[in-house]
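Q: Please find one structure pasted underneath; my questions will follow.
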Amino acid sequence: MPRMPNPTRRTFLRSGAALCALGSLGGLPAFGAAGFNHKNRLAIPPLDLGEIKDGTREFGLQLQHGISEFFAGYETPTKGINGAYLGPVLRMRHGETVRLNVTNNLDHDSTLHWHGFNLPASADGGPHQVIRPGDTWSPSFEIRERAATMWFHSHLMGQTAAQVWAGLAGMVIIDDDTADALDLPSEYGVDDIPLVLQDRRFSRDGSMAYKSSMHDRMAGMQGNYPVLNGTISPYLEVSHEKVRLRLLNGANASIYNLTFRDERTFQLVGTDGGLLTAPVELTQLRLAPGERAEIVVDFSDGAPALLESIGGRGMGGEQSPTFDLLEFRLKAQLAPSPQVPEKLADLPVPDADSAMRTRRFLLEMPGMGMGMMMGGGFTINGEEMDMARIDHVVKRGEAEIWEIENAGPMAHPFHVHNTQFRILDKAGRPPAPAEAGLKDTVLVEPGEVARILIRFDHYTDPDRPYMYHCHILEHEDAGMMGQFTVV
Ligand SMILES: [Cu+2]
């Protein structure tokens, strides 16, 4: 759950000193902190609707090397999809069939995983669907998800962290009739804004090479600058009273505690798998790597605003960095927006009694011994990921309870492929309203047990597995991942 702000650090941040300590390295400029003086217009990723061919919505995606100018005058080598850094926002609709033609123009292997989707294991894009340099991989599947904000990213065995860091990720928007009928802000790039939240560590020459120290491999790789949609120090011009933000935590390791500087309330309308049953009013939202949230923010008071992330406290507190994220600049006249609907989607009440069995997943971190020295040692039920080992065989259509226990000092966002699940409880308590919807990633805090109700409804394949793993990408790469098949 969101933590209360640490007053000491907030004061420190407002003094403008924090970002200098955290951000400015050598020649690169320091931004923010002292006021709402963000320098760069927020980039809005191009919207890619694909092309309908024989009833299938087809997308062409090119994995490529690129050069990005995060800082004026500095050329930063990056990787992207149809661009220099990150990818387009792919838009598709519930019920239709898509085909994604992914061509690897890089000089190394890669994969592209469709995070949040129910789909055949052969189309999942995990470590088993490697795309060699020069090859094109063309998975096709039906969109079974509700209206939601999903994403895609590299998932190459042992290399996910470095490849996502370089830029191999992007957002997906799924539409459906239920969401279309609701009066939510929905004009893309105007009052419906995609927001890929990341942080990157820049050297004084402007490069952001992936060089992880032992501490980075343990704690997860974090940056000295926040980067939103690939923009450093971004601002957004607001032209409507209400704006929907589609938040995606695409960071390698940072868990953002999102809030506005003036502590204004906002409405949470959707999580990983789509709309909640009703909006939830919040002043803070804790968003872990892999998670998405759709919020509606009201700017009708005419006051400029700043979205920020508040640092965490205690053991593992550094997982949540203190960052100025996005400045909102209001036009003099805001176009009116309708009220946020009181009722959103219909979701069944999760029925724990429907579960046929319970599986347990114990997440453990290494001590400072040999495992860590070798770059591994992160385990689930005592074992590191092995691509040749199937850890679980699950029957299609049978509900199960998965108990995820975090025995270590850091929070782990536990992600399961090929499903949207429901959280039954965390540390014995029912989920907060903000976590009561459809989820594919659950943040398990230190010492906590999270129980989820999970089912795989659609596809079977006795040979090809799906993954479950920690979405701190360094932990995933260091072994905190396992495999299951659905039969
Ligand atoms: Cu982890």
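The values are calculated or read from the model by the stated rules, or taken from the named source; none is laboratory data. None of these values were measured; they are calculated from a predicted model. Cβ: placed from backbone, ideal geometry, glycine included. Neighbour counts: every protein chain shown.
Q: Return the only residue of GLU318, GLU263, GLU241 being farther than 23 Å from TRP151 by Cβ, within 16 Å of the ligand (Cβ to nearest atom) and either touching a residue at least 12 places away in the same chain (Cβ under 8 Å) or crowded, with 24+ Cβ neighbours inside 10 Å (or both). Walk me through how you get there before you give the answer.
A: Values: GLU263 fails: within 16 Å of the ligand (Cβ to nearest atom); GLU241 fails: within 16 Å of the ligand (Cβ to nearest atom).
Criteria check complete, one pass: GLU318.
Q: A further question on this structure: Find all pairs meeting these conditions: Cβ atoms under 9 angstrom apart; at least six residues apart or on different chains; first residue within the stretch 331-350 and more than 19 Å from GLY302 (Cβ to Cβ); second residue surrounded by fewer than 16 Cβ atoms within 10 Å (Cβ to Cβ) and β-branched (Val, Ile, Thr).
A: LYS343/THR277; LEU344/THR178; LEU344/THR277; ALA345/THR178; ALA345/THR277; ASP346/THR178; ASP346/THR277; LEU347/THR277
Q: Among (1) in a loop (DSSP other than H, G, I, E, B); (2) within 21 Å of the chain's Cα centre (by Cα), there is one condition VAL172 misses while meeting the rest; what is its number?
A: Going through (1) in a loop (DSSP other than H, G, I, E, B); (2) within 21 Å of the chain's Cα centre (by Cα) one by one, VAL172 breaks only (1).
Q: Something else now. Give the residues of the stretch 323-339 that are out of contact with any Pro (no Cβ under 9 Å at 6 or more places or on another chain) and either crowded, with 21+ Cβ neighbours inside 10 Å or assigned to a strand (DSSP E or B) (or both), sorted by residue number.
A: Matches in the stretch 323-339: LYS331, ALA332, GLN333, LEU334, ALA335.
Q: Please go through the stretch 403-416 and give me each residue that is closer than 28 Å to HIS458 by Cα and within 16 Å of the ligand (Cβ to nearest atom), ordered by number.
A: Going residue by residue through the stretch 403-416, those that are closer than 28 Å to HIS458 by Cα are 403-405, 412-416.
Correct list: ILE404, GLU405, HIS412, PRO413, PHE414, HIS415, VAL416.
Q: Which numbered condition trips up PRO431, out of (1) touching a Gly at 6+ places or on another chain (Cβ under 8 Å); (2) in a loop (DSSP other than H, G, I, E, B)?
A: That leaves (1) as the condition not met.
Q: In this structure, does THR271 turn out to be buried (at least 24 other Cβ atoms within 10 Å of the Cβ), closer than 30 Å to PRO409 by Cα, touching a strand residue (DSSP E or B) at 6+ places or on another chain (Cβ under 7 Å) and in contact (Cβ under 8 Å) with a residue 24 or more places away in the chain?
A: Numbers: buried (at least 24 other Cβ atoms within 10 Å of the Cβ): yes; closer than 30 Å to PRO409 by Cα: yes; touching a strand residue (DSSP E or B) at 6+ places or on another chain (Cβ under 7 Å): yes; in contact (Cβ under 8 Å) with a residue 24 or more places away in the chain: yes.
Here the answer is yes, as THR271 does meet what is asked.
Q: Which numbered condition trips up GLY367, out of (1) of a type outside the set (D, E, K, R); (2) over 20 Å from LEU195 (Cβ atoms); (3) part of a loop (DSSP other than H, G, I, E, B); (4) in contact (Cβ under 8 Å) with a residue 12 or more places away in the chain?
A: (4)
Q: A further question on this structure: Under 8 Å between Cβ atoms, which residue pairs at least 6 apart in sequence (or on different chains) link something in the stretch 100-114 that is touching a residue at least 60 places away in the same chain (Cβ under 8 Å) and more than 11 Å from ILE131 (Cα to Cα) with a partner that is of a type outside the set (Val, Ile, Thr) and in a strand (DSSP E or B)?
A: What qualifies is HIS113/PHE152; HIS113/HIS153.
Q: Residue pairs, Cβ under 9 Å, 6 or more apart or interchain, first in the stretch 189-217 and over 19 Å from ALA166 (Cα atoms), second among the aromatic types (Phe, Trp, Tyr). List them.
A: PRO194/TYR188
Q: From the list ASP346, ASP353, which residue is acidic (Asp, Glu), in a helix (DSSP H, G or I) and surrounded by fewer than 16 Cβ atoms within 10 Å (Cβ to Cβ)? Show your work before the answer.
A: Numbers: ASP346 fails: in a helix (DSSP H, G or I).
Exactly one of ASP346, ASP353 is acidic (Asp, Glu), in a helix (DSSP H, G or I) and surrounded by fewer than 16 Cβ atoms within 10 Å (Cβ to Cβ), namely ASP353.
Q: Looking at GLY158, GLY134 in this structure, which one is outside any strand (DSSP E or B), touching a helix residue (DSSP H, G or I) at 6+ places or on another chain (Cβ under 9 Å) and small (Gly, Ala, Ser)? Let's see the steps before the verdict.
A: On the way: GLY134 fails: touching a helix residue (DSSP H, G or I) at 6+ places or on another chain (Cβ under 9 Å).
GLY158 is the lone residue from the list that is outside any strand (DSSP E or B), touching a helix residue (DSSP H, G or I) at 6+ places or on another chain (Cβ under 9 Å) and small (Gly, Ala, Ser).
Q: Can you tell me which residue is farthest from LEU112 (Cα to Cα) among those in the stretch 74-88 that are touching a residue at least 40 places away in the same chain (Cβ under 8 Å) and assigned to a loop (DSSP other than H, G, I, E, B)? Explain how you work it out, then say what you get.
A: Kept after step one, since they are touching a residue at least 40 places away in the same chain (Cβ under 8 Å), are these residues of the stretch 74-88: 74-81, 84-88.
Within this subset, residues satisfying the condition of being assigned to a loop (DSSP other than H, G, I, E, B) are 74-75, 84-85, 87-88.
Values: TYR74: 29, GLU75: 26, ALA84: 16, TYR85: 15, GLY87: 11, PRO88: 14 Å.
Only one residue tops the list, namely TYR74.
Q: Working only within the stretch 433-483, note down all residues that are within 19 Å of MET150 (Cα to Cα), within 16 Å of the ligand (Cβ to nearest atom) and free of Cβ contacts under 8 Å to residues at least 60 places away in the same chain.
A: VAL442
Q: So if I check each of VAL190, VAL172, which one is closer than 28 Å to VAL227 by Cα and buried (at least 22 other Cβ atoms within 10 Å of the Cβ)?
A: Values: VAL190 fails: buried (at least 22 other Cβ atoms within 10 Å of the Cβ).
Among VAL190, VAL172, only VAL172 is closer than 28 Å to VAL227 by Cα and buried (at least 22 other Cβ atoms within 10 Å of the Cβ).
Q: To continue, here is another question. Determine, yes or no, whether ALA161 is among the hydrophobic types (A, V, I, L, M, F, W, C), within 16 Å of the ligand (Cβ to nearest atom), surrounded by 24 or more Cβ atoms within 10 Å (Cβ to Cβ) and at pLDDT 95 or above.
A: Details: among the hydrophobic types (A, V, I, L, M, F, W, C): yes; within 16 Å of the ligand (Cβ to nearest atom): yes; surrounded by 24 or more Cβ atoms within 10 Å (Cβ to Cβ): yes; at pLDDT 95 or above: yes.
Yes.
Q: In addition: Take GLY376 and decide whether it is surrounded by 13 or more Cβ atoms within 10 Å (Cβ to Cβ), at pLDDT below 95 and within 16 Å of the ligand (Cβ to nearest atom).
A: Details: surrounded by 13 or more Cβ atoms within 10 Å (Cβ to Cβ): yes; at pLDDT below 95: yes; within 16 Å of the ligand (Cβ to nearest atom): yes.
Yes; evaluated as a whole, the condition is true for this residue.
Q: If you check ALA251 against the conditions, is it over 14 Å from the mean Cα position of the chain (by Cα) and either assigned to a helix (DSSP H, G or I) or in contact (Cβ under 8 Å) with a residue 40 or more places away in the chain (or both)?
A: Working: over 14 Å from the mean Cα position of the chain (by Cα): no; either assigned to a helix (DSSP H, G or I) or in contact (Cβ under 8 Å) with a residue 40 or more places away in the chain (or both): yes.
So ALA251 fails the test.
Q: Could you please find all residues in the stretch 175-193 being part of a strand (DSSP E or B) and over 13 Å from ILE44 (Cβ atoms)?
A: Start the filter on the stretch 175-193 by keeping residues that are part of a strand (DSSP E or B), which leaves 175, 188, 192-193.
Of everything in the stretch 175-193, just one residue is part of a strand (DSSP E or B) and over 13 Å from ILE44 (Cβ atoms), namely ASP175.
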